[in-house]
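Worksheet: the structure to be examined is printed underneath.
The values are calculated or read from the model by the stated rules, or taken from the named source; none is laboratory data. Remember, predicted model here, so these are calculated numbers, not experimental data. Here the Cβ positions follow ideal geometry from the backbone for every residue, glycine too, while neighbour counts run over all protein chains shown. These area figures cover heavy atoms from the full protein model, side chains too; ligands, DNA and RNA do not enter into them. Shrake-Rupley method; radii C 1.70, N 1.55, O 1.52, S 1.80 Å.
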Amino acid sequence: MIVDAHGRRFRNLRISLTAACNYACTYCVPNGKRLQAAVSELSAEEMGGAVALLIEAAGIEKLRITGGEPLLSPKFDALLPVVMALPLEDVSITTNGQLLPRKADLIIDSGVRRINISLDTLDANGFRAIARSGDLATVMHGIERMLEAGIRVKVNMVPMRTRNANQILPMLDYCFERGIELRFIELMKMGHLRAGNQYLQDFYGMDEILEAIGQRHEFTRTDAPWDSTAARFEVPDRGVFGIIANESEPFCSTCTRLRLSSDGWLYGCLSNARRHDLRPVLELPRPQALARLRQLLTRALGDKQSVSFRGEVTVMKFIGG
Ligand code: SAM
């Protein structure tokens with residue numbers, strides 16, 4: 001097992017099926033244009049092979065399928081049963097939910113038990129202003145389908161001062177009523193947010209989120225697993241919510257995540273643009289592939305920040321959120 005001086009190793013793998021997305025969220029893309037697929041994306045077969053190798057070489061236990069928008073990728077249908085058959089503790093999906101009603105049967109039949117759905121507001125106009133595409137009712141319908149099938153749903157919301165901070169309490173009520181864990185993600189200084197005023201203007205930190213919630217609910221902080229990225233809180237008799245406080249309470253020193261981009265690059269850190277080409281490894285015979293992969297993984301682990309999240313020119317769309 002490859003372990004660094006902080007005791008970190010790669011345990012969680014996130015694979016971005018495609019860089020393409022059917023939204024153009026204000027925090028992800030600057031110009032409102034929808035994202036396109038990368039020039040040369042891995043096939044379903046290559047990606048399945050890559051995950052199998054990474055399980056063996058890195059000791060990956062948990063896999064998250066993300067993007068871009070993973071449900072938009074033509075390889076989603078073929079890849080899902082392949083990764084479900086691999087020796088993993090957990091397979092989950094992160095999606096914006098727009099195609100969820102269409103893919104619901106496939107997901108339910110695959111045996112996936114957990115799904116994270118990104119939803120920043122319950123206001124239809126606000127929704128279109130942030131996502132710059134899509135339809136709120138379709139996402140809500142997708143959420144209901146998952147819940148009816150007994151799949152554990154988490155909802156991810158990025159609170160922003162000028163856009164949806166007033167949705168924190170309505171979103172919390174919506175989630176409590178359905179037994180969903182809502183996770184607030186602090187706005188990250190990625191891509192175009194690294195420069196200009198948008199980040200400073202819209203950043204809405206953990207203290208403010210808790211203050212807004214405290215106006216209506218009493219809550220206590222609960223324990224979270226060692227390498228969890230979210231601080232978790234419980235509102236008695238209502239439910240649990242989380243805050244991914246990358247700025248206010250960085251979790252870099254316990255981060256166990258590894259990311260694989262849709263075009264075959266490994267990233268050891270969301271806050272570091274350094275990347276390692278996995279594609280040539282996929283062409284080697286298995287023993288050589290594993291040996292080469294261990295070298296790449298040692299470098300990728302060295303890319304992790306020691307303490308705090310700096311932000312990076314890299315955008316989530318390329319490497320998966
Ligand atoms: N399309 C899928 C989705 O919407 O869930 C998966 C990819 S998306 C990049 C994953 C998550 O990253 C979403 O919850 C999104 O809100 C979040 N995200 C993207 N850019 C962000 C930023 N600058 N700060 C905080 N969260 C961000």
* Residues being crowded, with 22+ Cβ neighbours inside 10 Å and within 9 Å of the ligand (Cβ to nearest atom): count how many of those fall in the stretch 11-22. => 2
* Is at least one residue of the stretch 166-185 in contact with a helix residue (DSSP H, G or I) (Cβ under 8 Å, 6 or more places away or on another chain) and closer than 22 Å to G32 by Cα? -> no
* Structure fact -> Flagged in the stretch 150-190 as near the ligand (Cβ under 10 Å from one of its atoms) and open to solvent by 50 Å² or more (accessible area, probe 1.4 Å), in numbering order, are K189
* Asked: Inside the stretch 182-205, can you point out the residues that are polar (S, T, N, Q) and farther than 12 Å from T26 by Cβ?
  -> N197
* Asked: If you take the residues of the stretch 250-301 that are of a type in the set (F, W, Y) and within 16 Å of the chain's Cα centre (by Cα), which of them is least open to solvent (accessible area, probe 1.4 Å)?
  -> Y267
* Number of the exception - G214 against (1) in contact (Cβ under 8 Å) with a residue 24 or more places away in the chain; (2) out of contact with any Asp or Glu (no Cβ under 9 Å at 6 or more places or on another chain) -> (1)
* Taking the options R8, R34, name whichever one is away from the ligand (no atom under 11 Å from the Cβ), of a type in the set (K, R) and within 20 Å of L119 (Cβ to Cβ). => R34
* Asked: With respect to D105, is the statement that it is open to solvent by less than 60 Å² (accessible area, probe 1.4 Å), away from the ligand (no atom under 16 Å from the Cβ) and over 28 Å from V29 (Cβ atoms) true?
  -> no
* Structure fact -> Selection over the stretch 25-48 where residues are surrounded by fewer than 18 Cβ atoms within 10 Å (Cβ to Cβ) and touching a residue at least 40 places away in the same chain (Cβ under 8 Å) yields a count of 6
* Residue under evaluation D120, criteria (1) open to solvent by 10 Å² or more (accessible area, probe 1.4 Å); (2) away from the ligand (no atom under 12 Å from the Cβ), criterion not met -> (2)
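Here's the yes/no breakdown for (1) more than 22 Å from P70 (Cβ to Cβ); (2) at pLDDT below 95; (3) within 16 Å of the ligand (Cβ to nearest atom):
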{"position": "T254", "(1), (2), (3)": "yes, yes, no"}
{"position": "G264", "(1), (2), (3)": "no, no, no"}
{"position": "L284", "(1), (2), (3)": "yes, no, no"}
{"position": "P287", "(1), (2), (3)": "yes, no, no"}
{"position": "Q295", "(1), (2), (3)": "yes, no, no"}
{"position": "R299", "(1), (2), (3)": "yes, no, no"}
{"position": "G302", "(1), (2), (3)": "yes, yes, no"}
{"position": "V315", "(1), (2), (3)": "no, yes, yes"}
* Test for L193: is it part of a strand (DSSP E or B) and either at negative phi or open to solvent by less than 30 Å² (accessible area, probe 1.4 Å) (or both) -> no
* To do: With the checklist (1) more than 20 Å from R9 (Cβ to Cβ); (2) in contact with a Phe, Trp or Tyr (Cβ under 9 Å, 6 or more places away or on another chain); (3) surrounded by fewer than 19 Cβ atoms within 10 Å (Cβ to Cβ) in hand, flag the one item R216 doesn't pass.
  => (2)
* Taking the stretch 115-135 on its own, how many of its residues are under 20 Å from the mean Cα position of the chain (by Cα) and over 19 Å from Y204 (Cβ atoms)? -> 6
* Structure fact -> The condition from (1) in contact with a strand residue (DSSP E or B) (Cβ under 6 Å, 6 or more places away or on another chain); (2) open to solvent by 10 Å² or more (accessible area, probe 1.4 Å); (3) away from the ligand (no atom under 12 Å from the Cβ) that L86 misses is numbered (1)
